[in-house]
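Below: the structure, in structure tokens.
Every read-out reported here was derived from the displayed coordinates using simple, explicitly stated rules and does not represent laboratory data. The structure displayed is predicted, hence computed values, not measured ones. Positions of Cβ are backbone-derived with ideal geometry, glycine not excepted, and every protein chain shown enters the neighbour counts.
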Amino acid sequence: MALHHFNHPNAVGSGKTAFTSRGLSQPALPTRNAAGGNFSASQVSSHAMSSSLVTNRMASLSHDGALRNSVTGFNRTENAVGHYYWHNWNGNSYVHYYGGWGRNWYGWCWGGNFYWTLWANGWWWWCDPWNGYWCYWDNGWLWQNPYTDVVYVYQNGDYQPALNAGGGYAQPPDGTANGTVSSQEKPALAPLTEKSFASPDGSKTVKILDNGDAFLYDSGKSKAHAKPQFLAFNVKSVKFTHKGSGPLVIQINHKDGTFDLFNLDGSPTDKKKA
């Protein structure tokens with residue numbers, strides 16, 4: 001049985017903001033292609049992200065060591081914020097976009113199709129725009145529930161458990177790459193511990209998982225109905241503080257020495273150096 005099912009008619013590129021944290025907003029499509037002409041490819045819809053159109057491509061590029069090395073180099077040298085850097089992989093164009101705050105986006109273009117992925121912590125990531133769930137690539141788009149640590153496979157808007165009751169990998173739905181999920185244990189699949197930071201009035205809680213992801217919870221809702229809201233990657237600690245004489249805000253302290261400020265509803269305010 002599917003965990004969730006959604007029937008939203010709009011595609012990813014419809015103008016809906018996919019992410020909640022400043023610096024994570026999905027880039028706009030390029031206006032120029034690699035040759036300098038008008039860019040004409042269409043962005044792949046969210047449901048099509050689990051189709052063979054995308055999964056076969058992800059399976060190929062994720063196993064390409066030369067591409068991984070190239071990406072590592074591009075992340076070091078291509079650091080003009082908002083610039084589109086075009087490259088070629090296996091005869092197809094792809095684009096690197098640096099969005100600031102250490103966010104390296106890669107857009108894959110072939111046959112009139114295009115989609116964005118985020119490269120972070122040695123993994124390819126994609127965000128389900130309707131739920132805000134960050135899915136990482138491991139022979140399928142996988143999402144780990146921060147409440148239960150159960151891993152799910154994304155398939156056409158649904159989330160199917162990727163692990164069976166005995167702790168082994170279950171057969172994923174048809175349409176995922178090669179019909180299998182990797183049996184090799186990866187860091188993202190390991191059980192997650194968390195640190196919790198409660199607001200002074202107890203109405204909000206921010207939890208940091210041991211992979212550095214921070215989620216905002218409404219403490220007034222039951223665990224079964226409180227949907228976590230993603231705030232940021234690479235988080236070290238959290239505190240609730242007043243910005244001058246203003247209202248209470250959430251300060252997210254990153255491991256790189258910077259910090260983000262969020263309102264209690266999870267919306268970002270600004271970014272400053274610690």
log₁₀ of I(q)/I(0) at q = 0.19, 0.21 Å⁻¹ - the range 35-85, Debye sum with one point per alpha carbon = -0.99, -1.05
Rank by packing, highest mean first: peptides 239-248, 57-66, 132-141, with packing defined as the count of other Cβ atoms within 10 Å averaged across residues.
-> 132-141, 57-66, 239-248
Peptides 196-204, 120-128 ordered by average Cβ neighbours within 10 Å, highest first = 120-128, 196-204
Efficiency by 1/(1 + (r/R0)^6): what FRET value for ASN88 and LYS255, r their Cβ-Cβ distance, R0 = 41 Å, to the nearest 0.05?
-> 0.75
Taking the Cβ-Cβ separation of ALA35 and VAL81 as r and a Förster radius of 25 Å, what is the calculated FRET efficiency to the nearest 0.05?
-> 0.60
